[in-house]
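This report refers to the structure that appears directly beneath it.
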2 protein chains.
Amino acid sequence: MNYDAARVLGGDQRAISRLMTMLERRDPSAAFAMKELDAYTGRAYTIGITGPPGVGKSTLVDRFTEHLRNLDLTVGIIAVDPDSPYTGGAILGDRIRMQRHFLDPSVYIRSVSTRGQSGGLPRIVKSLVRLLDAAGMDVILVETVGVGQTELGIMNVADTVIVALMPESGDSIQTLKAGVLEIADIFLVNKADREGADRMAAAMRAMLHTVSEPADWQPTVLLTQADRGAGIPELWEAVSSHRSYMNDSAQCGGFSPVDDRRSERRRQEFLESLQEELNQLVKTQIENNPTLQSMLDDVANGKLEPYSAAVELLKDGAPLRFRFLTDQEVSPA
Amino acid sequence: MNYDAARVLGGDQRAISRLMTMLERRDPSAAFAMKELDAYTGRAYTIGITGPPGVGKSTLVDRFTEHLRNLDLTVGIIAVDPDSPYTGGAILGDRIRMQRHFLDPSVYIRSVSTRGQSGGLPRIVKSLVRLLDAAGMDVILVETVGVGQTELGIMNVADTVIVALMPESGDSIQTLKAGVLEIADIFLVNKADREGADRMAAAMRAMLHTVSEPADWQPTVLLTQADRGAGIPELWEAVSSHRSYMNDSAQCGGFSPVDDRRSERRRQEFLESLQEELNQLVKTQIENNPTLQSMLDDVANGKLEPYSAAVELLKDGAPLRFRFLTDQEVSPA
């Protein structure tokens, strides 16, 4: 597979898809491509949308995309799917609802599975966001299902985080842990035609008032009915004012909050990539190491206890102690 | 913290809890303890229970435990909680329902969070199961919430896997992917008083008939109403016949399926522990490596592209190439 920088930079959907696949397969030339494209990033604005299953996130993304297209903005969408056996069908259904945007050359849609990945948001999402940024998308939407850790990871990829809830979650305000309160820049009460929506929004506002510092961004609480498109222009307005706040360079001693978040994001992408590459190396080395292979057999047949065997293998002075090599060890004088 | 082997082997709850905490904190003496206890494992029978949120798993576990206690069996329970901001409250509520068993010295209950762990079932669950086995539990129940990968991991820890569904999941049969069909030894349609339960069970049976090999275990489909205790004795019967099948040594050329599963489980626990210990070492080495620290700064400020920087750092001949050291390198002649 090869990669065409000019076509990616020009927003060509096939070229973008090809490079994304290269990244997913850890094709060595993907690293080269990312390096080359990095100079063209920094212009897109990334919005994360998360919330529990069934809250209507996909419909929100669909209607929000429609609104952004009416404003003549190009949109990249990354849908992070848990690929759960239980929700697989539902997710497929959601994607079908997005179908009308699939034919629009100014909307790029990609699904990323969390299956087989480590917990939290897959590392690759950060790379894909930068790729879509280089490809000239004005707005990038990252949608995650709020189960487990993935939704907390969204703040490490988005400039603005939207948390969507709905009235029927009933006790959901009480069960919202501090983690989610802290990551949300905008709260949506979707399906606002259902009973209890206003009460829920009022309770949210009251609670946010008690927890946030006056100097910080005060999270907005909005009511939406995504299926009818109600509240969508207001959502874009709320995002836009959060964006102004994020771009205000007086906030963090000369750096704007958005610069701050993006630097931290790059740092994390580097560390996560390093961890991933190391895990691959370890895997290969285990497969090719005869000592480890015979230990595995002893562990399986009960001669060795699994946990202590692993711990002992790596303690100081043990034969399979590993470390980064020094320059001298790599190329001895 | 110290550990008292005799008290753990005698099933003393405080001693078990102390050792579990040591394992969670990666206390070095926990590895020693696990090594010592390994000889006393192999007697307990481990049952995994998984299913989507709201299906009534905790009530099932509660009633099932009651049944096992009436048969005078000791029970260890490991509840794997996603620790989701959205379901935190619900989980707490579930645990409260289990309260009556907390006072029973023959029932040991422990919650394990998946937060901060890699995807799938946390590695530590495998160690905890062996610990409860050594502590003399007759039956160990591992409960996971079926979202994402965790429920597929349950088959790597349980001798019998129960997948619980309910009629209202409506289209849940269609959305059950092959993965879940393959891991389930017993299917429950819980909340069987609700409309569509019989139809769902019949559809499950029909589908299972088309996918399973005649020589294999034919998954059982049962109707339960856990809140009334209905179907619980039948569940234990179904588990018992699966257990007989699993213990039949004619199955895999002299080895019983249960031996086979347990060997594979030990192998995986070793590999996962090794990966975990390595990740810890890498973390420490990154924190203390000046080259890496200055690279991190360059990545953050945009001088280096995050992904390619990580990839290049580890390729052949690169200064931070790492590998397991050979005996000679560890103790040069």
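When B:Arg243 is tested against the conditions (1) open to solvent by 60 Å² or more (accessible area, probe 1.4 Å); (2) at pLDDT 85 or above; (3) within 12 Å of chain A (Cβ to nearest Cβ), the lone failure is (3).
Among residues that are open to solvent by 10 Å² or more (accessible area, probe 1.4 Å), at pLDDT 85 or above and hydrophobic (A, V, I, L, M, F, W, C), B:Ala5 is included. Scanning the range A:294-311 for residues that are more than 7 Å from every other protein chain (Cβ to nearest Cβ) and at pLDDT below 90, which turns out least open to solvent (accessible area, probe 1.4 Å)? Once the filter is applied, the top-ranked residue is A:Met295.
A Cβ distance below 7 Å, combined with a sequence gap of six or more or placement on separate chains, defines the contacts here; from the range B:296-307, residues that are acidic (Asp, Glu) reach residues that are part of a loop (DSSP other than H, G, I, E, B) in the pairs B:Asp298/B:Leu304. Number of residues in the range B:37-67 that are buried (at least 24 other Cβ atoms within 10 Å of the Cβ), within 14 Å of chain A (Cβ to nearest Cβ) and not hydroxyl-bearing (Ser, Thr, Tyr) equals 3. Here A:Ala164 passes the criteria (1) assigned to a helix (DSSP H, G or I); (2) hydrophobic (A, V, I, L, M, F, W, C); (3) at pLDDT below 95 except the one numbered (1).
Taken over the range B:258-313, residues that are farther than 30 Å from A:Gly302 by Cβ and touching a Cys at 6+ places or on another chain (Cβ under 9 Å) amount to 0. Of the residues making up the range B:226-240, those that are open to solvent by less than 70 Å² (accessible area, probe 1.4 Å) and either outside any helix (DSSP H, G or I) or closer than 18 Å to B:Thr59 by Cα (or both) number 9. Residues that are surrounded by fewer than 20 Cβ atoms within 10 Å (Cβ to Cβ), away from chain A (no Cβ under 11 Å), at pLDDT below 95 and over 22 Å from A:Ser308 (Cβ atoms) do not occur anywhere in the range B:68-91. With respect to the conditions (1) at pLDDT 90 or above; (2) surrounded by fewer than 24 Cβ atoms within 10 Å (Cβ to Cβ); (3) more than 22 Å from A:Val145 (Cβ to Cβ), A:Ala33 lacks only one, and its number is (2). Within the range A:246-258, the set of residues being outside any strand (DSSP E or B) and either modelled with pLDDT of 85 or more or on the phi < 0 side of the Ramachandran plot (or both) comprises A:Met246, A:Asn247, A:Asp248, A:Ser249, A:Ala250, A:Gln251, A:Ser256, A:Pro257, A:Val258. Of all residues in the range B:178-207, none satisfies the criterion of being closer than 20 Å to B:Gly54 by Cα, within 22 Å of the chain's Cα centre (by Cα) and open to solvent by 60 Å² or more (accessible area, probe 1.4 Å).
The values are calculated or read from the model by the stated rules, or taken from the named source; none is laboratory data. No experiment lies behind these values; they were computed from the predicted model shown. Positions of Cβ are backbone-derived with ideal geometry, glycine not excepted, and every protein chain shown enters the neighbour counts. To get the accessible areas, we keep the full protein, side chains included, count just its heavy atoms, and leave off ligands, DNA and RNA. Shrake-Rupley method; radii C 1.70, N 1.55, O 1.52, S 1.80 Å.
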